[in-house]
Amino acid sequence: MNKPLDQINFFAPDVLENPFDFYQAALAEQPVLKLPETNIYLVLGYDLINEACKRIDEFSNDFGAILSGQRAQDPDVKAILDQGWP
């Protein structure tokens, strides 16, 4: 990672495609990281994830609402959605 963690868009296509460099840097530098410009906290490391999994009212892995906005802007996805579902 050449940039500081707070300057990396976790949802950028290149990071989503291969997030492992990001994960490695975040785990070493900041295992609980608030993703910039979001209300999302990324939790890394076995013990921290184990704790988060027990606190289901505070932690979730549902990114559908965030990603749906990006998907809706993709012209291919928009074309499919405009056709409707069979």
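Data overview
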quantity: Among residues of segment 1-58, those that are in a loop (DSSP other than H, G, I, E, B) and of a type outside the set (D, E, K, R), counted; calculated: 20
quantity: Set 48, 44: member being surrounded by 12 or more Cβ atoms within 10 Å (Cβ to Cβ), under 13 Å from the mean Cα position of the chain (by Cα) and at pLDDT 80 or above; calculated: 44
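The values are calculated or read from the model by the stated rules, or taken from the named source; none is laboratory data. A quick note: this is a predicted structure, and the numbers were derived from the prediction, not measured. Cβ: placed from backbone, ideal geometry, glycine included. Neighbour counts: every protein chain shown.
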